[in-house]
Structure formats: C-alpha cells, structure tokens
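Engineer: Structure below; questions to follow.
The values are calculated or read from the model by the stated rules, or taken from the named source; none is laboratory data. This one's a predicted model, so the numbers in the text were calculated from it and none came from an experiment. Note that each Cβ is placed from the backbone with ideal geometry, even for glycine, and that neighbours are counted across all protein chains shown.
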Amino acid sequence: MYTPLRIYETLGKFDKAVNISFRRGSATHEAFGDDINVVFMYTQVEREGMDALLANGEAGEPTGYIKARYLGFDLPDDKVRLLTSPGILSSDITSILSATWSPEKNTFHSTDTRQLNKIEVPFRRLPKGGDYNWMYGFDKERVAEGIGLSPYERSVYLGRKLYFEPDSLTAEEHVEMLDDNGIVEDVEREYLAVLYKREEANEEQKKNLLALLKKHRADRFKALDDELKKIGSSIKKLIKVDEDKAGELLLSVVQFSERRLNITGKYPIYLDLKGFLHIWMRHVEDMKINQQFANKDNYQWEEPDVIRVMGHIVEQINEEVQAYFDATPNTRFSKYGRESVYYEGDYYTLHIEPSGRIDTMHKNRKTHEQKPS
C-alpha cells in the first residue's frame, strides 16, 4: 500500500517525475483514468513534517491526499485543478513508475551554493547600430500582440519609434513621452543613443546624450546611497571601510539594467534598480556589506544566476499573476507561507506591486537552517 510518507520518502522527496496507476472503480480513477504523469508537490511545512516523521522512525498516516503537478497536455483544466485541490488519494494508487536514472539529489536539504547550467551563445553586433532595426521590430510586434512593457522597455520602444516611425506615434504616445520640458529623459536618452550608434547624431545631440548619461549615472549612485543610508552607511563610508565591496556595488549599479522577468502577458513583471538593491543587499550573500542582514534568508545561487532564478520562479506563476491583476488590478500580488513558490529545492516568498514591479523576492529559511537562539 502506498502511504503518503512512503511516497515522499522514495519519490516525492526527490521531485521525481512519475507515472501513477489507479484502482478501478475509485473516485481517483473516475477523475483521471487508468494512469497519469505527475510530480508530487509539497509545501515547506509538509516537507519538513515528513522529514520529522522519517527522522523519528514514525509511519505517518495510512492514507491521505497528495498534491501533484500535471505533466501533460490532454487533461481538462478542471481535472488539473483537482490534482492540487484536494490532490490524489494515496489509497487509490495501485502502482507508481519512475525512471531509475532520475537523479536523487535532494536540494531541499542542501546548504551548498548552486550554479545554473547555462549555454553561452556568442552574439555579434551589427555595425553602425544595425541591430536597432530588428530590436525595434521585435518590440513593435510585442506591442501589437498586447504584451505589456515594463517602464524601461516602454521608454526604449518610444525612443526607437521616434527614430524609425515618428509619424506613426499616436496621440496617447505623444502624451506619454512629452512633459513641460519636452521629451522625457528616458525616451530622449534612447532616441539619441540610436542616432549616436548609427553615426547620425550632430554635435548638439552628442552633447545632450552625454549630459543625459551623466545624470542617469548620478541618479543611480544616489539610489545606491539612499539604500545604504537605510542601513546606517553611505557610499563614502563604505569606501573607507571596504573599498573592494564599494567597487563591486558601484559597478553592479552602473551595469544593472531593468529586467523583465516574464516573457508573455499584458502585465509585465520586472526588477528595477530599487528592487535590485533591496534584494541584493539583504538576500545575496556576496553583496551584503555588514552584519545587519547576516541572518537574512539568502539565495543559494551564485550571484550572477540570481536574476535568472527569479525569472524561472516568475514564469512558474505568470498565468496566476496575469489572472490576479485582471481581477484585482490595484492590489499587490503575494506568495508566502504555505503559498510560497517552490523551485529547485527552495521555497520563495515574493511580493509584486500592481505596476508589476518586484518589491521583494527571497528564499524562505528552512528548519535545518535555523540558528539556535
């Protein structure tokens, strides 16, 4: 008989993909047919509860519902929802098959800092800003398909449209990109950058672009200084205490570009500089500058991989986020506690503002990571 604890110990604990067969005549068989391919799902509390039972040598309940994620395309949406509420009744299971080559590395219990497997694809830029043609075309297609752009993406799109198709700018776009002083800075900076890269900028335009770039960098340094002051420091203080760390932070701020974390959807989910600084200085070990956040919940990923991990987490819940903002557009979206998002052995808390801006996202601390008080 398949008990919830036995299933967890041999399969669920390792996030194994499985094929489950059901007892004929059971309610589960009526719902899902002869068999189904899934991965078992657990909240952090459930996972730690199972671990405690195993550590104490207990047998656990003889039967119970286990949530699962469907691995397929044929099951109707209402049946897919049944897999998570109430789940699969373990006593209705007659067999479970799993590939023997599936790795049994339990990252939930790991304390190692991990790396994402990546494939580096070399990219050669076209001379004289030739890439702007296809980049603008790509953004234009996204807008036509109703895919929402982040604030940075929107400024880039309008700046390039001002260059490529100024006569096609709508009345709404004119209002969006103009203020009392003329073109808003973010749009003008992108427009002038296109002119400069394509070697079409005159001396006055080059001068204006340089001034905008200097102001943009100064604004970024001020944002960093403001964040440091929240924790009792500043750029000047940090340079005196730890010049290398100050250099790392300043370089990160200069190189950071607002990142959209979901690929599709009319609501963009993005990480801006404010969110980047808030998360990196509190939850990324390599970027912490003092002991104030020493006990914060850290990402267990190499620093360059953290944004990619955030993107993978957002993609898991993107459909849910889109539906949520359709229904409640003025309320922030949150996942925490039992609703935390599971990814590669860790559970994550996140809060997304109605604008789509990531307010915070961090890994939850696990029982075995708790420090004795």
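Engineer: Hey, any hits in the range 36-48 for a residue that's within 33 Å of the chain's Cα centre (by Cα) and more than 25 Å from SER340 (Cα to Cα)? If you could, list the steps in order and put the result at the bottom.
Structural biologist: Looking only at the range 36-48, we keep the residues that are within 33 Å of the chain's Cα centre (by Cα), and these are 36-48.
Subsequent filtering for residues that are more than 25 Å from SER340 (Cα to Cα) retains 36.
So far as the range 36-48 goes, yes, one or more of its residues are within 33 Å of the chain's Cα centre (by Cα) and more than 25 Å from SER340 (Cα to Cα).
Engineer: Then there is this: Would you confirm whether any residue within the range 202-216 is surrounded by fewer than 13 Cβ atoms within 10 Å (Cβ to Cβ), assigned by TED's automatic domain parsing to the domain that holds SER155 and within 21 Å of TYR157 (Cα to Cα)?
Structural biologist: Within the range 202-216, not a single residue is surrounded by fewer than 13 Cβ atoms within 10 Å (Cβ to Cβ), assigned by TED's automatic domain parsing to the domain that holds SER155 and within 21 Å of TYR157 (Cα to Cα).
Engineer: Let me ask something else. Across the range 186-201, which residue is surrounded by the fewest Cβ atoms within 10 Å (Cβ to Cβ) among those that are in a helix (DSSP H, G or I) and of a type in the set (A, V, I, L, M)? Explain how you work it out, then say what you get.
Structural biologist: Here is the first cut: in the range 186-201, the ones in a helix (DSSP H, G or I) are 186-197.
Next, from what is left, pick out any that are of a type in the set (A, V, I, L, M): 187, 192-195.
Values: VAL187: 24, LEU192: 24, ALA193: 20, VAL194: 20, LEU195: 17.
Residue satisfying both the conditions and the ranking: LEU195.
Engineer: Got a number for residues in the range 182-217 being farther than 17 Å from PRO166 by Cβ, over 31 Å from the mean Cα position of the chain (by Cα) and among the aliphatic types (A, V, I, L, M)?
Structural biologist: Total meeting the criteria: 3.
Engineer: Could you pull out the residue among GLY49, GLY33, GLY12, GLY57 that is surrounded by 15 or more Cβ atoms within 10 Å (Cβ to Cβ) and free of Cβ contacts under 8 Å to residues at least 12 places away in the same chain? Give the derivation first.
Structural biologist: Numbers: GLY33 fails: surrounded by 15 or more Cβ atoms within 10 Å (Cβ to Cβ); GLY12 fails: free of Cβ contacts under 8 Å to residues at least 12 places away in the same chain; GLY57 fails: surrounded by 15 or more Cβ atoms within 10 Å (Cβ to Cβ).
It is GLY49.
Engineer: Could you give me the residue pairs with C-beta distances under 8 Å whose first residue belongs to the range 260-280 and is free of Cβ contacts under 8 Å to residues at least 60 places away in the same chain, whose second residue is buried (at least 19 other Cβ atoms within 10 Å of the Cβ) and among the β-branched types (Val, Ile, Thr) wherever it lies, and which are 6+ apart or on separate chains?
Structural biologist: If the second residue must be buried (at least 19 other Cβ atoms within 10 Å of the Cβ) and among the β-branched types (Val, Ile, Thr), the pairs left are ASN262/ILE269; ASN262/VAL314; ASN262/VAL321; LEU273/VAL253; LEU277/VAL253; TRP280/VAL306.
Engineer: Also: Looking at the range 155-175, which of the residues that are farther than 17 Å from MET135 by Cα and out of contact with any helix residue (DSSP H, G or I) (no Cβ under 8 Å at 6 or more places or on another chain) is surrounded by the most Cβ atoms within 10 Å (Cβ to Cβ)?
Structural biologist: In the first step, residues of the range 155-175 are kept if they are farther than 17 Å from MET135 by Cα; the result is 167-175.
Next cut, out of contact with any helix residue (DSSP H, G or I) (no Cβ under 8 Å at 6 or more places or on another chain) only: 167, 170-172, 174-175.
Numbers: ASP167: 4, THR170: 9, ALA171: 7, GLU172: 8, HIS174: 11, VAL175: 9.
Applying the filter and picking the extreme gives HIS174.
Engineer: Quick test for you: out of SER233, SER257, pick the one residue that is of a type in the set (Gly, Ala, Ser), over 30 Å from GLY148 (Cα atoms) and outside the structural domain of ASP186 (by TED's automatic domain parsing).
Structural biologist: On the way: SER257 fails: over 30 Å from GLY148 (Cα atoms).
SER233 is the lone residue from the list that is of a type in the set (Gly, Ala, Ser), over 30 Å from GLY148 (Cα atoms) and outside the structural domain of ASP186 (by TED's automatic domain parsing).
Engineer: Right, something else. So which residues in the range 342-354 are out of contact with any His (no Cβ under 9 Å at 6 or more places or on another chain) and either surrounded by 17 or more Cβ atoms within 10 Å (Cβ to Cβ) or without any contact (Cβ under 8 Å) to a residue 12 or more places away in the chain (or both)?
Structural biologist: Initially, the range 342-354 is screened for residues out of contact with any His (no Cβ under 9 Å at 6 or more places or on another chain), giving 342, 346-347, 351-354.
TYR342, ASP346, TYR347, ILE352, listed by residue number.
Engineer: Filtering the range 325-371 down to residues that are within 16 Å of the chain's Cα centre (by Cα) and either acidic (Asp, Glu) or in a helix (DSSP H, G or I) (or both), which residue is nearest to ASN298 (Cα to Cα)?
Structural biologist: ASP346
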